[in-house]
1. How many of the residues making up the range 222-253 are farther than 21 Å from Asn18 by Cβ and touching a residue at least 60 places away in the same chain (Cβ under 8 Å)?
2. Out of the residues in the range 39-59 meeting the condition of being open to solvent by 50 Å² or more (accessible area, probe 1.4 Å) and in contact with a helix residue (DSSP H, G or I) (Cβ under 9 Å, 6 or more places away or on another chain), tell me which one is farthest from His120 (Cα to Cα).
3. Where the second residue is hydroxyl-bearing (Ser, Thr, Tyr) and modelled with pLDDT of 95 or more and the first is more than 17 Å from Asn218 (Cβ to Cβ) and lies in the range 4-22, which pairs have Cβ atoms under 8 Å and are six or more apart or on separate chains?
4. Can you name the condition, by its number, that Gly229 falls short on among (1) under 18 Å from the mean Cα position of the chain (by Cα); (2) open to solvent by 10 Å² or more (accessible area, probe 1.4 Å); (3) among the small types (Gly, Ala, Ser)?
5. Just to check your reading of the model, which residue among Val67, Val87 is open to solvent by less than 80 Å² (accessible area, probe 1.4 Å), under 28 Å from Tyr225 (Cα atoms), among the β-branched types (Val, Ile, Thr) and part of a loop (DSSP other than H, G, I, E, B)?
6. Exactly one condition in (1) open to solvent by less than 10 Å² (accessible area, probe 1.4 Å); (2) out of contact with any Ser or Thr (no Cβ under 9 Å at 6 or more places or on another chain); (3) over 25 Å from Pro144 (Cα atoms) is not met by Ser73; state its number.
7. Can you pull out the residues in the range 249-263 that are among the aliphatic types (A, V, I, L, M), open to solvent by 30 Å² or more (accessible area, probe 1.4 Å) and in contact with a helix residue (DSSP H, G or I) (Cβ under 7 Å, 6 or more places away or on another chain)?
8. Name every residue in the range 178-201 that is of a type in the set (Phe, Trp, Tyr) and either modelled with pLDDT under 95 or touching a strand residue (DSSP E or B) at 6+ places or on another chain (Cβ under 6 Å) (or both), in order of residue number.
Amino acid sequence: MSIKLIAIDLDGTLLNDNEKILNNSIKAIAKAQRNGIKVVLCTGRPLVSVLPYLKQLHLDNRSNQYVITFNGSVIETTAGKVIKQKVFELWADNINLYSQLECQSALYTTNQNIPIDAAHESWKNKLPMHVVSLHDLIAMPTKPPMLKIMAVADRAKLDQVQQEIPQDLLEKLNPIRSEPEYLDFAAPDVDKGWALEQLTKYLGLSPQEVMAIGNADNDLPMVKYAGIGVAMEKSTPHLLRIADYITGSNNTSGIADVINAYI
């Protein structure tokens, strides 16, 4: 069965280490589009942060092209029309780490001391950061849709926290490890695999007609779901083990190689 949709992670996958899309990746994606294949960027970022890359790929502002953002919490057209969105009601302040709530237009934190990795997230994702009290956040007359919580700490601390998350919290939020220093939380059962499945059904496709490409543990669900699951060569050990195909580096021709191999 031929591929009709390619889902591609951004950071560490489509983007090189300088957060740029390589020319050979742009050409390969253009070839896929000429063959009638949907190319869907799947990321933990919000749409505003993805738009410059969609524009480079000539996928921006389309009613028939799609993007998955916030690790699967939002499925929308590249023109910004939401197809499906899952939010949650809980502020996970009880994980005893620096954490911030991420919405479509802003970040919110109750912590006055902002780690450099959290500040980088604000800059990278083009989301202004607001330091608020938990009371003020709860008392907002129009609450921002809660799409993602990101906890920030060093790798060892997050490894420990992830292993010790209490069951009552796991029933309310889904933990997603997007980077060694980031532990994200989404609504229950929400991840990139869930979102890719919803979009696949929406488009009337089967998993066998889908390719998914990623490099990190938050890409595991979509790589498992797709008929062809692809890991970049520098992927996490778990992703490398379950992938159907291992391609080259995000700094050379990894994306171009796998698309040219199948399209």
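1. Of the residues in that region, 4 qualify.
2. Out of the qualifying residues, it is His58.
3. Going by the 8 Å Cβ cut-off, the qualifying pairs are Leu5/Thr200; Ile21/Tyr53; Leu22/Thr252; Leu22/Ser253.
4. (2)
5. The conditions single out Val87.
6. (3)
7. Step one: filter the range 249-263 for residues among the aliphatic types (A, V, I, L, M), giving 255-256, 258-259, 261, 263.
Subsequent filtering for residues that are open to solvent by 30 Å² or more (accessible area, probe 1.4 Å) retains 261, 263.
Scanning the range 249-263 gives a single hit, Ile263.
8. The answer is Tyr182, Phe185.
The values are calculated or read from the model by the stated rules, or taken from the named source; none is laboratory data. As the structure is a computational prediction, the values presented were derived from the model and not from experiment. FYI the Cβ positions are ideal-geometry reconstructions off the backbone, even for glycines, and counts take in every protein chain you see. SASA here: full protein model, heavy atoms, side chains in, ligands and nucleic acids out. Shrake-Rupley method; radii C 1.70, N 1.55, O 1.52, S 1.80 Å.
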